[in-house]
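The values are calculated or read from the model by the stated rules, or taken from the named source; none is laboratory data. Keep in mind it's a predicted model, so treat the numbers as computed, not measured.
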Amino acid sequence: MRRLLIALPLLLGACAQTAELEPAAGETLPPAPYGATEPLDAEELLTLDPQAAPERSVELRRESEEREDDPFDLPPEI
C-alpha cells in the first residue's frame, strides 16, 4: 500500500508530455497543401479552421416571434 502511494504521484507526473510533437518512427508528416512551399508543422496541422469548428450562435428565438413555415415539417405517413 505504501509503495502504491509513492509510485502513484511518479506515474501521474510522467503522463504530461512537454516535448514537441513529432511523427511516429518510420512515419512522415502529410504532404504540403497545394500551393504551399513547405509542409505544415504539427502545431499548424492541429489548428482547426473556422469551417471545421464554427462559432456557436447565442441568439435565441423568442416565443412572441412568428416562426417561418418549414417545408420539411410534414405529417407522418399513414
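Selection of segment 29-58 for residues being assigned to a helix (DSSP H, G or I) and β-branched (Val, Ile, Thr) yields an empty set.
Please verify whether Leu10 is among the aliphatic types (A, V, I, L, M) and either modelled with pLDDT of 80 or more or not in a helix (DSSP H, G or I) (or both), treating the condition exactly as stated. No; evaluated as a whole, the condition is false for this residue. The set of residues in segment 29-78 that are among the hydroxyl-bearing types (Ser, Thr, Tyr) and at pLDDT 85 or above comprises Tyr34, Thr37, Thr47.
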